[in-house]
Ligand SMILES: [Zn+2]
């Protein structure tokens, strides 16, 4: 992952001069990188989707007070198609956001009248420095695994036909959940609906958390979030 981001850094570097002359020219080939990211993380994402799916089934059987039926779900062709398409969606989403951020960094530099060499240094320092690259790679891998698991869980509830809503749950860990996650505790929303649309904000005493990256269908709320969610059965109030 870190290696891919370093390669993206070289691509941006190579495209910078042309982009300065014509800012409509892209700094990154988002479509190509979407495919590369998808191929790289596909095994992990699909494993996490299915793990989330099974965890969703387990929570559902607990909520219903029924024994868990193992195995049948994975052969549902809709589920397989969905799991196959997911990595590509992830790749497009992550790279669209990444390209947007890099373009903003460059635009800010250009508005300050920076020259090519200064812009190169700025992009390298703010986006592609060794530590920034490593941190970004780690965050993507961890957050996306968690998100895929959450998506798997939600999809299993949608397919079950007996779940009408989801309820946000914080998890007691060694550390207290942050203010934002505490604000989400117990929030119930219809299945398939987002808690937040892209661009919306959550405001608490700790400040604002803005969801620039994508819609929030469930946890994680932010990188390293330990929250989870439970099913709310049709005609049942959560305990
Ligand atoms: Zn959280």
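See the values below:
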| item | result |
| --- | --- |
| Relative contact order of the chain, pairs being alpha-carbon contacts under 8 Å that are 6 or more residues apart, as % | 23 percent |
| Inter-part distance where the stretch 156-172 and the stretch 25-51 are each reduced to a Cα centre, Å | 26 Å |
| Cα-based convex hull, the chain, per residue volume (Å³, whole number) | 143 Å³ |
| Relative contact order (percent, whole number), the stretch 26-106, Cα cutoff 8 Å, 6+ residue spacing | 60 percent |
| 0 to 90° range, to nearest 10: angle between helix 2-21 axis and the chain longest Cα axis | 50 degrees |
| Computed log₁₀ I(q)/I(0) - Debye formula, equal Cα scatterers, no solvent, the stretch 73-155, q 0.12, 0.16, 0.19 Å⁻¹ | -0.52, -0.74, -0.89 |
| Residue-averaged 222 nm ellipticity for the chain, from DSSP H runs of 4+ at -39500 (n - 2.57), nearest 500 | -20500 deg cm²/dmol |
| The stretch 125-204: relative contact order in percent, alpha carbon pairs under 8 Å with at least 6 residues between | 25 percent |
| Cα-derived Rg over Rh, computed across the stretch 1-113 with Rh taken as Kirkwood radius | 1.21 |
| Least to most buried among 180, 53 (fewest other Cβ within 10 Å first) | 180, 53 |
| Rounded FRET efficiency, nearest 0.05, which uses the C-beta distance separating residue 164 from residue 103 and R0 of 35 Å | 0.25 |
| For the stretch 162-239, fraction of C-alpha pairs farther apart than 17 Å, in % | 46 percent |
| Degrees separating the helix 77-111 axis from the principal Cα axis of the chain, which is the longest one | 30 degrees |
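Read-outs throughout are calculated quantities, based only on the coordinates presented, and are distinct from any laboratory measurement. Only a predicted model underlies this, so the values are computations on that prediction, with no experimental measurement involved. Reconstructed Cβ throughout: ideal geometry from the backbone, glycine too, with neighbour counts over all protein chains shown.
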